[in-house]
Structures are given as structure tokens and as C-alpha cells.
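Bear in mind that the values in this text are calculations on the coordinates, not laboratory data. As the structure is a prediction and not an experimental result, all values here were calculated from the model. Cβ atoms come from the backbone with ideal geometry, glycine included; neighbour counts cover every protein chain shown.
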Amino acid sequence: MEGCSIKNIIYHDSIILGAGASGLMVAHKYRTRDIALIESNASIAQKLKISGGGKCNITNISVSLSNFYGDSAFVKNSLEKFSRDDLLGFLKEHGVKPVIRKNRYYFCKNSSDEIVNIFRKTKNVYLNQKVMEVEKKENFILKTQTKTYACKNLIIASGGLSYPRIGASDIAFKIAETFGHSIMTPKPALVGFTVQKEQFWFKELSGLSAEVAIKVAGKTFQEAMLFTHKGISGPVVLNASLYWDKGEMEVDFVPSLSATRLQKVRKREIPLPKRFLNAFLERYPLEMLKEYRFAPAGNFGYSKAEVTRGGVCTDEVDAKTMMSLKEKNLFFVGECLDVTGELGGYNFQWAFSSAQNLILGR
Ligand SMILES: Cc1cc2nc3c(=O)[nH]c(=O)nc-3n(C[C@H](O)[C@H](O)[C@H](O)COP(=O)(O)OP(=O)(O)OC[C@H]3O[C@@H](n4cnc5c(N)ncnc54)[C@H](O)[C@@H]3O)c2cc1C
């Protein structure tokens with residue numbers, strides 16, 4: 001359904017930029033109002049669809065403020081407004097019953113379509129429309145290559161810079177800056193690390209994996225590390241990448257053994273792939289397995305990063321309504337804000353919680 005069209009301008013009271021997780025949830029919340037979505041892709045929810053290996057890790061059995069990089073006081077408002085249980089309740093209402101994997105992650109039973117389907121009936125979705133610029137006259141005016149749209153309320157739900165091949169763009173940051181917002185430096189996160197010369201031997205172990213613990217910026221993560229031809233990846237590395245800026249991290253390659261026990265066990269009892277253990281012991285003493293420090297060279301970049309850390313500064317957004325404190329009737333939700341979740345369903349929880357926390361005026 002087209003909105004009211006005056007002089008070739010398509011008008012809706014509220015327009016959401018981006019038909020991803022957060023934008024679709026805002027449209028659902030305000031479905032009885034005159035609200036529309038503008039999306040550059042040919043279909044809605046493309047990231048949701050491919051997420052979690054096509055089964056979408058929607059949330060986690062434990063959701064706390066410590067799982068989010070960002071201002072806790074700001075995040076708290078959205079998580080209290082629409083908690084993990086509220087999200088599960090919403091899914092249940094729509095006939096979706098996620099299953100718990102590895103005792104903590106909620107995934108769709110068969111396919112992420114179970115969630116995407118909830119949003120398929122969303123009205124007023126303008127697809128294949130890439131927003132190039134936004135200005136404010138009496139209303140907000142949005143221009144795509146072919147059309148002009150106008151609205152009283154503008155909701156920015158266009159995400160971060162990760163995965164440009166499925167629509168990611170920097171439009172949220174450009175619009176925010178146009179209206180005087182500060183942007184916290186964006187950076188690829190939940191991404192693998194490239195390594196420096198001293199760790200090039202990691203690359204020779206491509207394909208191996210081991211359960212390790214990584215300490216970075218006061219946080220410790222314990223899960224699988226995967227050696228790849230480019231460096232290191234796997235859940236533990238992805239989580240570490242959210243908190244790593246520069247400098248060294250510490251890896252415990254045998255978290256299941258104490259330092260004393262490690263000195264006593266026979267080599268074949270050390271729970272690590274043989275090829276890794278041999279390569280390690282050729283270079284370092286045994287005790288260093290418990291405390292291996294190294295500085296990554298960088299990361300695999302936005303083409304591989306699941307999320308973008310940084311974004312629209314939350315000090316300049318009302319935590320209770322998601323409205324800009326700089327420009328009336330301009331709102332920000334989801335990943336474009338300077339809030340990033342750890343691996344494990346926290347980013348969809350944030351996208352949906354922040355969307356439900358948005359309050360449009362009458
Ligand atoms: C491969 C992969 C797997 C992931 N798996 C998980 C997971 O299992 N669990 C989890 O919690 N998180 C996961 N994430 C992260 C999660 O997908 C995002 O954090 C979440 O989708 C952010 O929601 P959003 O609504 O803010 O942005 P998006 O979902 O990114 O939606 C933004 C929308 O805006 C559109 N857009 C952008 N620029 C423009 C423009 N100029 N004009 C018009 N439209 C535009 C985009 O095409 C997109 O559809 C994964 C991410 C990736 C890349």
C-alpha cells in the first residue's frame with residue numbers, strides 16, 4: 001500500500017529506515033499506525049535469515065548487562081522494558097518455540113524463517129530502496145535513487161557496517177552526524193583475529209580447534225578456538241574481539257588443568273590436538289600453555305564480522321524512548337547505537353528490546 005503521495009513525495013507519519021530485526025519489531029509494535037519501512041535489499045530481514053547458520057540464535061538463557069559492550073544504564077532501560085522472557089513470550093504468541101542448544105543458546109528449531117515469517121505480513125514495506133540522504137524541513141525528507149519520502153517521525157534502524165554484501169551501510173552514522181550526534185568509532189567485532197609474524201605458526205594448524213580460555217580487558221571467555229589459514233577464530237575469539245583494542249591478550253590453552261597438574265600429567269594426557277601440542281612445545285616451555293600472551297595483528301574486517309562495535313553515542317539518545325536528544329522525532333534502535341552484545345543471541349535481544357523500548361509521540 002502506498003502512503004499519501006503529494007507532488008511525488010510518499011508520506012507516512014512514521015518511517016523506519018531498515019527492515020532488519022529492530023526495524024521490523026518497531027513496525028510490529030506500531031502496526032495500527034501509519035508507519036512504513038524503507039529497505040535497500042529485495043527482501044526483509046536478510047541478516048536474521050542467515051544468522052546462527054540459518055537457525056538464528058535469538059537469545060540466551062542468561063541475559064545480563066555484563067553481556068553488552070556499551071553504557072549499562074542505557075542498555076538497562078531496554079532490557080527491562082522487553083526482557084528475554086518478553087521476547088520468548090512474543091515468539092510463543094506467534095507459534096515459535098526456540099530450542100536450547102549447548103545449555104544456553106536459544107535457536108530456531110529448524111530455520112530462522114520461523115522468526116522471519118512473523119514479520120512477513122508487515123505493511124508498507126518499500127524494498128529495493130537505498131536511502132542516500134536525509135534532511136529536515138517541516139518533515140524529514142528521505143531520498144533514494146528513485147523516490148522521495150517524507151515523515152514526521154524518522155526511526156533509524158539501519159544497523160552497522162558488518163556484512164555489506166547484504167545491505168549494511170553507514171547511513172545511520174551519516175544521518176546521526178547531520179543532526180549533530182557524536183559517533184563512537186565503529187570497529188568490526190565478533191570477528192576472527194589476524195596474527196603477527198611470531199604467531200604465523202598458528203596458520204599451519206588450520207582446521208584444528210581446542211577449548212581454551214582467553215583473558216582480555218578484564219573479561220574471561222572459555223570456549224572453542226579455531227585455527228584458520230588467516231589466523232584464529234571460533235566462539236572464544238569472536239567474544240574476545242568485542243573487548244580487544246590493541247596490545248596483548250592472555251590464552252590458557254589448558255583451562256581444565258591447573259598449573260600444578262599440568263606439570264604432573266603425561267604429554268599424551270594433555271587435552272589438546274597432538275599437532276598443536278607439538279608445534280607449541282617446539283617453541284615454548286610447557287608451563288606457557290597456561291599463560292600464553294600475544295597481541296593479534298588485527299581482525300578479519302567487516303566482511304566477516306558479525307557486528308559493528310561503536311556507533312551512535314547513547315549519551316545523546318533518551319534511554320526511555322529511544323528519541324534523539326538533539327532532534328525531536330528522530331529515533332535510533334538496534335545495532336546502529338553504541339551497544340554491542342557478546343556472542344550468544346545478545347545482539348538480537350538488543351535489536352528487539354531497543355525496538356520495543358521506542359515510544360512514538362501521538
Ligand atoms: C553472519 C551473521 C550472523 C549473525 N548471527 C547472529 C545470531 O545468531 N544471534 C545474534 O544475536 N546476532 C547475530 N548476528 C548479529 C545480528 O544479525 C545483528 O546484530 C542484528 O541483525 C542487528 O539488527 P538491526 O535491526 O539493528 O540491523 P540489521 O538487522 O542489520 O538491519 C538493518 C537493515 O537496514 C538496511 N539498510 C542499511 N542501509 C540502508 C540504506 N541506506 N537504505 C535502506 N536500507 C538500508 C539493511 O539492508 C538491513 O536490512 C549475526 C550477524 C551476522 C552478520
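Going by Cα centres, region 24-52 and region 233-247 are how many Å apart?
Taking the Cα centre of region 233-247 as reference, the centre of region 24-52 is 30 Å away.
Rounded, prolate or oblate: which fits region 61-111 when a ≥ b ≥ c are the square roots of the eigenvalues of the alpha-carbon gyration tensor, with rounded for a/c under 1.5 and prolate only if a/b beats b/c? Can you show the working numbers first?
Working: a/c = 3.19, a/b = 1.63, b/c = 1.96.
Judged from the Cα gyration tensor, region 61-111 comes out oblate (a/c at least 1.5, b/c at or above a/b).
Treating only the Cα positions of region 174-234 as identical point scatterers, give the base-10 log of I(q)/I(0) from the Debye formula at each q in 0.13, 0.23, 0.30 Å⁻¹.
Debye output, listed in q order: -0.51, -0.98, -1.26.
Toward the positive end of the charge dipole of the chain, about the Cα centre and with charges on Cβ (Lys, Arg +1; Asp, Glu -1), which of SER206, LEU142, PHE82 goes farthest?
SER206
So what is the relative contact order for region 193-299, in percent, with contacts set as C-alpha pairs under 8 Å and at least six apart? Intermediate values should be presented prior to the final figure.
On the way: 182 pairs, mean separation 35.6, N = 107.
Rounded, it is 33 percent for region 193-299.
Exposure proxy check: SER78, SER324, SER206, SER354 ranked by fewest other beta carbons within 10 Å? Write down the numbers at each step before the final one.
On the way: SER78 26, SER324 22, SER206 12, SER354 32.
The most exposed by this proxy come first: SER206, SER324, SER78, SER354.
Given bins 10 angstrom wide, list per bin the percent of all Cα-Cα distances in the chain, short to long.
Taking every Cα pair in the chain, the percentages come to 5, 24, 30, 21, 12, 6, 2, 0, 0.
Please say if region 7-132 is rounded, prolate or oblate, where rounded means a/c under 1.5 for a ≥ b ≥ c the square roots of the C-alpha gyration tensor eigenvalues, and otherwise the choice is prolate for a/b larger than b/c and oblate otherwise?
Values: a/c = 2.00, a/b = 1.53, b/c = 1.31.
The shape class here is prolate.
Quick check on region 259-362: what does the Kirkwood estimate of hydrodynamic radius come out to from the alpha carbon pairs, in Å? Display every interim value, and only then the final one.
On the way: mean 1/r = 0.0552 Å⁻¹.
Averaging 1/r across every pair of different Cα atoms and inverting gives 18.1 Å.
Taking the C-alpha atoms of region 50-190, how large are the radius of gyration and the largest Cα-Cα span, Dmax, in Å?
17.8, 52
Could you put TYR69, TYR284, TYR243 in order, starting from the residue whose Cβ has the fewest other Cβ atoms within 10 Å?
Details: TYR69 21, TYR284 11, TYR243 18.
So the residues, fewest neighbours to most, are TYR284, TYR243, TYR69.
Which log10 I(q)/I(0) values does region 193-299 give at q = 0.23, 0.24 Å⁻¹ under the Debye formula, counting every alpha carbon as one identical point scatterer?
Taking Cα atoms of region 193-299 as identical point scatterers yields -1.42, -1.54.
Count the net charge of all other residues whose Cβ sits under 11 Å from the Cβ of GLU133, scoring Lys and Arg as +1 and Asp and Glu as -1. Please report the intermediate quantities before stating the final value.
On the way: positive: LYS130, LYS143, LYS174; negative: GLU135.
My count for the surroundings of GLU133 gives +2.
Need the C-alpha centroid separation for region 322-355 versus region 143-207, integer Å.
If we compute the Cα centre of each part, the gap is 14 Å.
Could you give the angle, 0 to 90 degrees to the nearest 10, between helix 84-93's Cα long axis and the longest principal axis of the Cα atoms of the chain?
The helix 84-93 is inclined about 60 degrees to the chain.
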